[in-house]
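The values are calculated or read from the model by the stated rules, or taken from the named source; none is laboratory data. Just so it is clear, the model here is predicted, and its values are computed rather than measured. Neighbour counts run over all protein chains shown; Cβ positions are idealised from the backbone, glycine included. For the accessible areas, the whole protein counts, side chains as well, though only heavy atoms, and no ligand, DNA or RNA atoms are used. Shrake-Rupley method; radii C 1.70, N 1.55, O 1.52, S 1.80 Å.
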Amino acid sequence: MQEKPRYYEKSQYIETLNGNKVSKNSMLCGIMNIRLHGKTIIRPSVIIRGDLANVNIGRLTIISEGTVIRPSYKKFKGAIMYLPLNIGDHVVVGEGSVISAASIGSYVQIGKNCVISKRCILKDCCVIPDDTILAPDTVVPPFTSYGGNPGVYQEDLPDSFEQYQKEYTTLLYENFIPNPTPSIPTTSSTLKLLPTQTSPILTTSRTTTPISPLSPGNTSPPIPSLK
Amino acid sequence: MSQSPPFKNTIICQDCTINNGVTIGHGTVLHPKASITTEHGAPIEIGESNIIEEFVQIINRSKEKMIIGSNNLFEVGSLIECKLIGNENVIETKSKVYRDVVIGNSCVISAGSIVPENEILDDNTVYSVTDRNRLKFTSPIPSESHMSIHPGHLEHLHKTLPNFHNMKKNF
């Protein structure tokens with residue numbers, strides 16, 4: 001198994017003592033109720049709603065961009081109660097998924113754009129492929145794949161899935177490394193970019209203005225200034 | 001205590017984007033990253049006691065007024081472009097409601113379904129798009145269960161959300 005290294009800007013991530021890597025662009029509401037058990041990666045624009053109920057996330061869990069993790073609620077003795085959400089170890093969650101399950105076991109793979117509806121229970125070692133929508137209160141048994149809309153049983157998984165997922169998540173974690181090149185060139189490039197970005201608005205530099213009439217639409221501000 | 005909504009104040013978390021010309025009724029809760037925008041500056045009117053969750057986009061692409069009633073629930077990531085929505089509707093996760101759709105009262109649109117243009121949903125309609133078929137039938141049961149939970153849900157959110165989020169000031 002091989003995985004391409006994925007580089008990240010060190011300034012954009014917070015690394016804790018346990019090895020959690022949390023993007024600064026993610027949104028963790030109610031931090032005191034969120035527990036990361038170590039070596040968890042949280043990528044940008046993830047929302048974790050710890051303010052609604054406790055959220056526990058296990059070791060070596062990777063949560064991709066645009067995912068929303070929000071605890072589900074249930075009517076309980078007349079009042080609404082938000083249920084705590086537990087996510088196990090070695091879980092991979094794809095981009096743009098919405099997770100409001102009651103609990104997710106260990107060694108679980110969830111694809112892109114999935115909807116895990118309210119109070120679902122995902123046991124250990126299961127796979128949810130891309131674009132699956134699980135109905136509320138679904139229980140996904142171990143070593144199965146549930147897919148489609150609404151999510152139904154598709155196939156069994158081999159016994160080696162646990163080992164596979166273990167290795168896969170450790171690989172993903174180990175290949176998620178800070179950018180080897182120091183951050184000085186990137187800042188200089190942004191400095192170079194900045195004058196060119198501001199110049200069409202100011203219309204001071206003559207090198208940019210002849211181009212703007214040729215490309216219609218996008219560069220509308222300079223055209224009135226030419227007329 | 002405050003048994004009966006409407007609550008006095010609206011809860012709007014700081015990370016929401018709200019354009020000018022949007023009016024929001026009392027007791028509505030906007031979770032963070034919800035966005036209510038207008039393209040041509042036409043107004044949007046949102047009623048009382050709605051819940052609008054994360055990544056919900058309410059966009060007015062027409063030049064006419066957009067009206068949303070009361071006691072609606074918009075779940076995570078839904079997209080609403082239609083002109084008229086009644087009361088007590090549930091629009092579930094990641095569903096899309098396109099332009100020129102009219103939604104009556106007590107409708108439920110299931111998760112991930114797309115309501116195409118010019119569709120008219122009468123009262124008590126359940127609309128659901130699955131892999132195999134497209135369901136559209138009338139049943140009062142889903143919205144009844146929604147309305148049995150909704151006041152309690154609102155009350156809970158009104159209690160807890162101000163403790164954790166910075167609120168946008170009234171506008």
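Selection of segment A:137-177 for residues being touching a residue at least 24 places away in the same chain (Cβ under 8 Å) and either more than 20 Å from A:Ile41 (Cα to Cα) or assigned to a strand (DSSP E or B) (or both) yields A:Pro142, A:Gln154, A:Leu157, A:Phe161, A:Phe176, A:Ile177. Return a yes/no flag: does segment B:11-24 have any residue that is under 14 Å from the mean Cα position of the chain (by Cα) and open to solvent by 70 Å² or more (accessible area, probe 1.4 Å). Checked segment B:11-24: at least one residue is under 14 Å from the mean Cα position of the chain (by Cα) and open to solvent by 70 Å² or more (accessible area, probe 1.4 Å). Among the residues of segment A:27-40, is there at least one that is within 17 Å of the chain's Cα centre (by Cα), among the polar types (S, T, N, Q), open to solvent by 20 Å² or more (accessible area, probe 1.4 Å) and closer than 26 Å to A:Thr181 by Cα? No, that holds for no residue.
Counting only residues that are facing chain A (nearest Cβ under 9 Å) and open to solvent by 100 Å² or more (accessible area, probe 1.4 Å), segment B:142-171 holds 1 of them.
Are any of the residues in segment B:64-84 at positive phi and either of a type in the set (A, V, I, L, M, F, W, C) or surrounded by fewer than 24 Cβ atoms within 10 Å (Cβ to Cβ) (or both)? No; the residues of segment B:64-84 include none that is at positive phi and either of a type in the set (A, V, I, L, M, F, W, C) or surrounded by fewer than 24 Cβ atoms within 10 Å (Cβ to Cβ) (or both). Applying a threshold of 6 Å to beta carbon distances and a minimum spacing of six or more residues, or different chains, the list of pairs starting in segment A:55-81 at a residue that is within 13 Å of chain B (Cβ to nearest Cβ) and more than 25 Å from B:Val56 (Cα to Cα) and ending at one that is open to solvent by 20 Å² or more (accessible area, probe 1.4 Å) and of a type in the set (A, V, I, L, M, F, W, C) is empty.
Among the residues of segment A:41-64, those identified as closer than 25 Å to B:Leu30 by Cβ and surrounded by fewer than 20 Cβ atoms within 10 Å (Cβ to Cβ) are A:Pro44, A:Ser45, A:Ala53, A:Asn54. Counting the residues of segment A:65-75 that are closer than 12 Å to A:Ile41 by Cβ and open to solvent by less than 10 Å² (accessible area, probe 1.4 Å) gives 1. Would you list the strands (runs of 3 or more DSSP E) that sit entirely within segment A:1-66 and hold 2 or more residues that are more than 24 Å from B:Val76 (Cβ to Cβ) and of a type outside the set (S, T, N, Q)? Passing ranges, in order: A:6-8, A:13-15. Has segment B:125-137 got any residue that is touching a strand residue (DSSP E or B) at 6+ places or on another chain (Cβ under 7 Å) and among the charged types (D, E, K, R)? Taking every residue of segment B:125-137 in turn, at least one turns out to be touching a strand residue (DSSP E or B) at 6+ places or on another chain (Cβ under 7 Å) and among the charged types (D, E, K, R). Does at least one position in segment B:42-53 carry a residue that is within 24 Å of A:Gly50 (Cα to Cα), open to solvent by 10 Å² or more (accessible area, probe 1.4 Å) and part of a strand (DSSP E or B)? No, because not a single residue in segment B:42-53 is within 24 Å of A:Gly50 (Cα to Cα), open to solvent by 10 Å² or more (accessible area, probe 1.4 Å) and part of a strand (DSSP E or B). Can you find, within segment B:54-63, the residue that is nearest to the chain's Cα centre (by Cα) among those that are in a loop (DSSP other than H, G, I, E, B) and within 14 Å of chain A (Cβ to nearest Cβ)? Among residues in segment B:54-63 that are in a loop (DSSP other than H, G, I, E, B) and within 14 Å of chain A (Cβ to nearest Cβ), the one nearest to the chain's Cα centre (by Cα) is B:Val56. The residues on offer are B:Ser110, B:Ser139, and the sole one that is open to solvent by less than 40 Å² (accessible area, probe 1.4 Å) and either within 14 Å of chain A (Cβ to nearest Cβ) or closer than 26 Å to B:Lys8 by Cβ (or both) is B:Ser110.
Among the residues making up segment A:76-97, a single one is open to solvent by 10 Å² or more (accessible area, probe 1.4 Å) and within 18 Å of A:Ala135 (Cβ to Cβ): A:Leu83. Out of all the residues in segment A:132-142, is one or more within 14 Å of another protein chain (Cβ to nearest Cβ), of a type in the set (S, T, N, Q) and touching a Cys at 6+ places or on another chain (Cβ under 9 Å)? Yes, segment A:132-142 contains a residue that is within 14 Å of another protein chain (Cβ to nearest Cβ), of a type in the set (S, T, N, Q) and touching a Cys at 6+ places or on another chain (Cβ under 9 Å).
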